[in-house]
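**Q** The following block contains the structure, expressed as structure tokens.
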Amino acid sequence: MSCIIGNLEMFPLILLLFSVSLGPSSSVSTNTIFPGESLSRNRTLISRGGTFEMGFFSPGNTGKHYIGIWYKGLPQKTVVWVANRNRSVSDPFSSELKLLRDGNLVIVASSKCQIWSTSLTTLMPNSTSGVLLDSGNFILRKKSNVSSVVWQTFDHPTDTWLPGAKFVYSSRTSERTVLVAWRDLDDPAPGIYSAVPEAEEKVELALFNRSVAYWHSGDWTGANYGHQPSLTLDNVINFTFVLNENETSCIYFSVAPYNLSRIVVEPTGLLKQLVWAKHVQEWKVLWRHPAETCEIYPFCGASSNCNQSNVPLCNCDLGYLDDLKLEDHLGQCKTRSASECSDDRKDDFFLMPYIQLPKNSYEFMVENIEACRLLCLSNCSCSAYAYTADCQIWTDEKFLVQRLDDDEIVRDFYVRIAASDLLKERKQKRKPVSNSITAVVVVSAAFLVVLSVSLVINRTRRSDRTADCHLTHFEYRVLKKATKNFSEKIGEGGFSSVFRGALPDSTPIAVKKLLNQNQSNKQFLAEVRTIGTVQHVNVVRLRGFCAEESKRFLVYEYLANGSLAARLFQKGSNTIDWKTRYRIAIGTAKGLEYLHERCRDSIIHCDIKPENILLDSELEPQIADFGLAKIVGRDVSRVITTMRGTRGYLAPEWFSGGAITSKVDVFSYGKLLFELISGKRNIEELNSDMHYYVPLQVANSIAKGEEVLPLVDRRLNGLVEMEEVCRACKVACWCIQDSEKDRPTMSQVVQILEGVLVVEKPPVPRTLLQLLGS
């Protein structure tokens, strides 16, 4: 007892601590904690079967202490859950994990302040108890009903997914399970890597570096499910899936109950499933993803080169010479670019052709590649740049490069070399010649030859492949192969057909085949360059093009959720909710605002309709087919737009011969807004009794101050925000005014929908009354 107490003066305090702790001795174990009880020092909870243990632990030799759950009895402590991963305690003897009488589990530091809590608010006093289960799940349950769980660690995982825990995406709340890796092996604080369910209606996993996804599992419920472990490992894992209107979830179990298994996101960014091999007393890997380590972003650290076929994988060779690389004391790479930056005008750049561009760049709209170069030079933190449709720059610790064997997608990457480093190389060349310096001179000469040849080759290829527009120039044979000979058509109009395809790196694309093209190659490329400069979160990104003889193709990103038309007008009750519709309305308006008001050259879309609004995995809208009117010329666009069956979206000036301005898009957007509100197509309404034409009904109701809820899509069952509905109705009516001068700009539309501007009641458009009369 003396080794614990230290002196007799502390005896009253020790008696007090024992009165609220779980037992008189550390040899007494329990799996349950009751209100008023606490864990401190080396006292722990042990699950009934002895599989798991819960209490204070200290990773490595850090001296920091956390409350966690780990496997009991393994040679090396394997922690599966951590409570206070953001706030450690320094003294586990004066800190405690306590179940308060209000039902909350808290961690109280030596300062007597709470540093972590379950934060439950609706419990009765003394109503809960806590139990550590043999599954590794710690639960708070009601004492009056032990089957009623009010809180559990399985709902709040850290980096580990245990058997029996749900990996879930909730369709009702949009909440999802998230696994976040430790910062490093001795620091359980949240790191940069995470695993999350990627989408509803299918079980699909994605790995992220912060907000950048670097690996996707594909649909685990499909036929290509590739994670099933080998049956030869004496540990069969059984995955089960739940897909319904409330949630999409996955649970797995070990068929042999005494075999330990876990799925973990490691600090390196790997996702692994491991099982405990008793005969060798260590964890064995069943599978790991991604399979290629270089796919983990950024595995090799900042400013580095990762090559899966090399040993070692990582090096700092961003060029072809050792002179163009440095290693810091951490073994990571850095460029000789912006750390000093004393005279940035004398810095130079080293060209790396045929590179897979790194992620995490900063993007700017500039006129040409020279402007991009100057932009990088003007930024002391810029260490590399690339110019495609826009200017991308990378800062000192923001890039990792991979060389591509496939040269069908050309990318040039320019790495900055500081003037101070160039000066050092020149000074070294002035010194008396020695063997080592001679070698440097020889290698430098060889490098210049290689660089010159690569520049000549690259210029030749670029003149043939990018045609001075800096978008990817796809060869026709490449697109033919990518689309399987244009076999999967996903859209068609009077002006084009769209086919689904995939690039050699499996990136999905949508290939638009332009029909009846009569322009010259030069004119087509000039228009493509204009479209290629467009970049906005609500506008589909143009990846490249093909121009061979009379063949004209545009290559876009492929968005799996298809068009708004397909989702909005589908039959049945599984329709888009009001919250999503309103978000689509605002996002589409922001995309048009960008095209009209923030592009270097204002772009009029000329064909806004639900078919041309595509939805990404989060049902965020992206405008497609923008700029095509500009490609075919103004006169042709009028004819084609009419031929494409969009009579319900055309502004009056298309028929009256008036000037075509951005306000034709505003008119079409107004008609689109009516469709989002009502769920009915404009073109169908035009072919029926005009008394029931939604734009006319809404305009009349707004003008008379009548209720508009009866005009809202019945499939929503009244589950709408009426203030938002009224805003949308007013905006839609203003957008379809007869005169383009009376219509708002798209920036005003955004402000009205977001509640920044208040708008008056609009008059009923004369054209609607004329339609009623006719």
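The values are calculated or read from the model by the stated rules, or taken from the named source; none is laboratory data. Fair warning: this is a prediction, and the values are worked out from it, not measured in the lab. Cβ atoms come from the backbone with ideal geometry, glycine included; neighbour counts cover every protein chain shown.
**Q** List pairs: first residue in region 735-761 and more than 18 Å from Pro695 (Cβ to Cβ), second residue among the small types (Gly, Ala, Ser) anywhere in the structure, Cβ distance under 9 angstrom, at least six positions apart or on different chains.
**A** Qualifying pairs under 9 Å: Thr745/Ser662; Met746/Ala589; Met746/Gly591; Met746/Ser662; Ser747/Ala589; Val750/Ala589.
**Q** Name the residues in region 37-96 that are crowded, with 18+ Cβ neighbours inside 10 Å and small (Gly, Ala, Ser), would you?
**A** Ser38, Ser40, Ser47, Gly55, Gly68, Ala83, Ser88, Ser95, listed by residue number.
**Q** Residues of region 377-393 being under 28 Å from Val540 (Cβ atoms) and touching a residue at least 40 places away in the same chain (Cβ under 8 Å), which ones?
**A** Of everything in region 377-393, those that are under 28 Å from Val540 (Cβ atoms) and touching a residue at least 40 places away in the same chain (Cβ under 8 Å) turn out to be Ala384, Tyr387, Thr388, Ala389, Asp390.
**Q** Return the pair list, or none, for Cβ contacts closer than 7 Å from residues in region 48-66 that are outside the structural domain of Asn86 (by TED's automatic domain parsing) and at positive phi to residues that are among the polar types (S, T, N, Q) and crowded, with 19+ Cβ neighbours inside 10 Å, at least 6 apart or on different chains.
**A** Filtered contacts from region 48-66: no entries.
**Q** If you take just the helices (runs of 4 or more DSSP H) that sit entirely in region 653-752, which of them hold at least 3 residues that are at pLDDT below 95 and farther than 24 Å from Arg583 by Cα?
**A** Hits in region 653-752: 653-656, 682-686, 694-704.
**Q** Looking at region 136-150 only, could you name the residues that are in contact (Cβ under 8 Å) with a residue 60 or more places away in the chain and part of a loop (DSSP other than H, G, I, E, B)?
**A** Gly136
**Q** Take the residues in region 67-108 that are free of Cβ contacts under 8 Å to residues at least 24 places away in the same chain and of a type outside the set (A, V, I, L, M, F, W, C), then tell me which one is farthest from Val180 (Cα to Cα).
**A** Asp102
**Q** I would also like to ask the following. Would you mention how many residues in region 638-652 are touching a Phe, Trp or Tyr at 6+ places or on another chain (Cβ under 9 Å) and either at pLDDT below 60 or not assigned by TED's automatic domain parsing to the domain that holds Val750 (or both)?
**A** Looking only at that region, the number is 6.
**Q** Ser29 - would you say it is more than 23 Å from Gln152 (Cα to Cα) and either of a type in the set (S, T, N, Q) or at pLDDT 85 or above (or both)?
**A** It is false that Ser29 is more than 23 Å from Gln152 (Cα to Cα) and either of a type in the set (S, T, N, Q) or at pLDDT 85 or above (or both).
**Q** While we're on this one: Among the residues of region 239-271, how many are crowded, with 17+ Cβ neighbours inside 10 Å, without any contact (Cβ under 8 Å) to a residue 40 or more places away in the chain and either under 23 Å from Lys72 (Cα atoms) or β-branched (Val, Ile, Thr) (or both)?
**A** Number satisfying all stated conditions: 1.
**Q** Among the numbered criteria (1) of a type in the set (Asp, Glu); (2) out of contact with any Pro (no Cβ under 7 Å at 6 or more places or on another chain); (3) under 27 Å from Thr62 (Cα atoms), which single criterion is violated by Asp155?
**A** Among (1) of a type in the set (Asp, Glu); (2) out of contact with any Pro (no Cβ under 7 Å at 6 or more places or on another chain); (3) under 27 Å from Thr62 (Cα atoms), Asp155 violates only (3).
**Q** Among the numbered conditions (1) modelled with pLDDT under 75; (2) assigned to a helix (DSSP H, G or I), tell me where Leu374 comes up short.
**A** Going through the list (1) modelled with pLDDT under 75; (2) assigned to a helix (DSSP H, G or I), Leu374 breaks only (1).
**Q** A further question on this structure: Would you pick out the residues in region 108-127 that are under 26 Å from Ser88 (Cβ atoms) and either surrounded by 14 or more Cβ atoms within 10 Å (Cβ to Cβ) or touching a strand residue (DSSP E or B) at 6+ places or on another chain (Cβ under 8 Å) (or both)?
**A** Within region 108-127, Val108, Ala109, Ser110, Gln114, Ile115, Trp116, Ser117, Thr118, Leu120 qualify.
**Q** Out of all the residues in region 152-177, which are acidic (Asp, Glu) and surrounded by 15 or more Cβ atoms within 10 Å (Cβ to Cβ)?
**A** Answer for region 152-177, where residues must be acidic (Asp, Glu) and surrounded by 15 or more Cβ atoms within 10 Å (Cβ to Cβ): just Asp159.
**Q** Out of region 661-682, which residues are surrounded by fewer than 23 Cβ atoms within 10 Å (Cβ to Cβ) and of a type in the set (Ser, Thr, Tyr)?
**A** Answer for region 661-682, where residues must be surrounded by fewer than 23 Cβ atoms within 10 Å (Cβ to Cβ) and of a type in the set (Ser, Thr, Tyr): Thr661, Ser662, Ser678.
**Q** Hey, another quick one. All but one of (1) touching a Gly at 6+ places or on another chain (Cβ under 8 Å); (2) touching a residue at least 24 places away in the same chain (Cβ under 8 Å) hold for Met124; state the number of the condition that does not hold.
**A** Met124 satisfies every listed condition except (2).
**Q** Residue under question is Val694, and the condition is that it be buried (at least 18 other Cβ atoms within 10 Å of the Cβ), without any contact (Cβ under 8 Å) to a residue 40 or more places away in the chain and hydrophobic (A, V, I, L, M, F, W, C); does it hold?
**A** Here the answer is yes, as Val694 does meet what is asked.
**Q** For region 515-536, state whether one or more residues are more than 18 Å from Tyr387 (Cα to Cα), at pLDDT 75 or above and within 31 Å of the chain's Cα centre (by Cα).
**A** no
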